[in-house]
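Right, one structure below, let's go through it.
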Amino acid sequence: DRKIKIAPSILSADFADFGREIQAIEAEGCDWVHVDVMDGHFVPNLTFGPPLLKAIRPHIKTVMDVHLMIAPVDPYIDAYAEAGADILTAHLEAGPHIHRTLQAIRGAGCKAGLALNPGTGLDAVAHLLDMIDLVCVMTVNPGFGGQKFIYSQIEKVRSLRSLIGDRPIHIEIDGGMTPETAPLMAAAGADVFVAGSGVFKGGSVNNAAVYGENIRAI
Ligand code: DX5
Ligand code: ZN
């Protein structure tokens, strides 16, 4: 059976202290580190460029899981790959040539992820199964941490699991993960859970035991 992974989003970490924040969540048992890249265009918020990823890369011992909420994507793939991404996830909605984008991600030596906004259906996934290592199902509209889980995505994940079957493709859920919502998605067939506010709330680098409690609760 599928091993559940927790990927804390450093969007909810202390931006002035990424090195110690990453060490803390890894010491507390997270599986991957999720990095949310936003461009103020595809989504209404701005976050991290390749130099920042390069700076935090040496602190990440697990997996650097990079979620690109940018359009266009293709001109930036090599820069994010060179900055040290293990997984690069692009949005289906970010451009007309997702197949080319996924080819370029693998060509740059990364695992390829496909992200779907809450309003996007699964039709395209069937034609991309040999191109992807992960599907990221957004359970909030991308752009901000701390939003409410969108329940209609449970049914989407159930359909996605039957589409994927036993292929080695992760189903990652991103947004609004709590001890209440994550089990619903695990039951529907998801195996990777991104959580920002759900992991970092109530803790700090000096009180990292709280991160561990939050990780285990999800
Ligand atoms: C939203 C990001 C998420 C976000 C999750 O655009 O992709 O990764 O940080 O935050 P929470 O867990 O607080 O909903
Ligand atoms: Zn994300």
Output for region 63-77, where each listed residue is closer than 30 Å to ALA27 by Cα and either in a strand (DSSP E or B) or more than 16 Å from ligand 2 (Cβ to nearest atom) (or both)
MET64, ASP65, VAL66, HIS67, LEU68, MET69, ILE77
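Only one residue in LYS148, LYS156 is within 16 Å of ligand 2 (Cβ to nearest atom) and either among the basic types (Lys, Arg) or more than 16 Å from VAL194 (Cα to Cα) (or both). Which one?
Matching residue, one of LYS148, LYS156: LYS148.
Please state which one of LEU88, LEU11, LEU46, LEU53 is free of Cβ contacts under 8 Å to residues at least 12 places away in the same chain and within 16 Å of ligand 2 (Cβ to nearest atom).
Working: LEU88 fails: free of Cβ contacts under 8 Å to residues at least 12 places away in the same chain; LEU11 fails: free of Cβ contacts under 8 Å to residues at least 12 places away in the same chain; LEU53 fails: free of Cβ contacts under 8 Å to residues at least 12 places away in the same chain.
After applying the criteria, what remains is LEU46.
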Can you run down the residue pairs with Cβ atoms below 8 Å, 6 or more apart or on separate chains, where the first is in region 132-152 and closer than 15 Å to THR47 by Cβ and aromatic (Phe, Trp, Tyr) and the partner is within 11 Å of ligand 1 (Cβ to nearest atom) and at pLDDT 95 or above?
PHE144/ASN45
Scan region 15-41 and report the pairs whose first residue is within 15 Å of LEU52 (Cβ to Cβ) and whose second residue is buried (at least 16 other Cβ atoms within 10 Å of the Cβ) and aromatic (Phe, Trp, Tyr), with Cβ atoms within less than 7 Å and a gap of 6+ or a chain change.
VAL35/PHE48; VAL37/PHE48
Restricting the search to region 162-176, which residues are out of contact with any strand residue (DSSP E or B) (no Cβ under 6 Å at 6 or more places or on another chain) and either touching a residue at least 40 places away in the same chain (Cβ under 8 Å) or among the polar types (S, T, N, Q) (or both)?
SER162, LEU163, ILE169
Of the conditions (1) exposed (fewer than 15 other Cβ atoms within 10 Å of the Cβ); (2) without any contact (Cβ under 8 Å) to a residue 40 or more places away in the chain; (3) away from ligand 2 (no atom under 16 Å from the Cβ), ALA83 fails just one. Which one is it?
(1)
From the list ASP36, ASP31, exactly one residue is under 25 Å from PRO183 (Cβ atoms), more than 13 Å from ligand 2 (Cβ to nearest atom) and outside any helix (DSSP H, G or I). Which is it?
ASP31
For residues that are under 24 Å from PRO96 (Cα atoms) and surrounded by fewer than 16 Cβ atoms within 10 Å (Cβ to Cβ), tally how many sit in region 46-70.
2
Report yes if ARG20 is charged (D, E, K, R) and at pLDDT below 95, otherwise no.
no
What number of residues within region 166-176 satisfy the criterion of being away from ligand 2 (no atom under 11 Å from the Cβ) and either aliphatic (A, V, I, L, M) or at pLDDT 95 or above (or both)?
6
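Kindly establish whether ALA124 is surrounded by fewer than 16 Cβ atoms within 10 Å (Cβ to Cβ) and within 14 Å of ligand 1 (Cβ to nearest atom). Don't jump to the end; show me each part of the working.
Details: surrounded by fewer than 16 Cβ atoms within 10 Å (Cβ to Cβ): yes; within 14 Å of ligand 1 (Cβ to nearest atom): no.
Here the answer is no, as ALA124 does not meet what is asked.
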Give VAL210, VAL157, VAL194 a once-over and let me know the one that is at pLDDT 95 or above and in contact with a His (Cβ under 6 Å, 6 or more places away or on another chain).
VAL194
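Quick one: which of LEU53, LEU88 is assigned to a helix (DSSP H, G or I), of a type in the set (A, V, I, L, M, F, W, C) and under 22 Å from ALA115 (Cα atoms)?
On the way: LEU88 fails: assigned to a helix (DSSP H, G or I).
Step by step, each of LEU53, LEU88 is checked, and only LEU53 is assigned to a helix (DSSP H, G or I), of a type in the set (A, V, I, L, M, F, W, C) and under 22 Å from ALA115 (Cα atoms).
The values are calculated or read from the model by the stated rules, or taken from the named source; none is laboratory data. Model, not experiment: these values are computed from the prediction. Cβ atoms come from the backbone with ideal geometry, glycine included; neighbour counts cover every protein chain shown.
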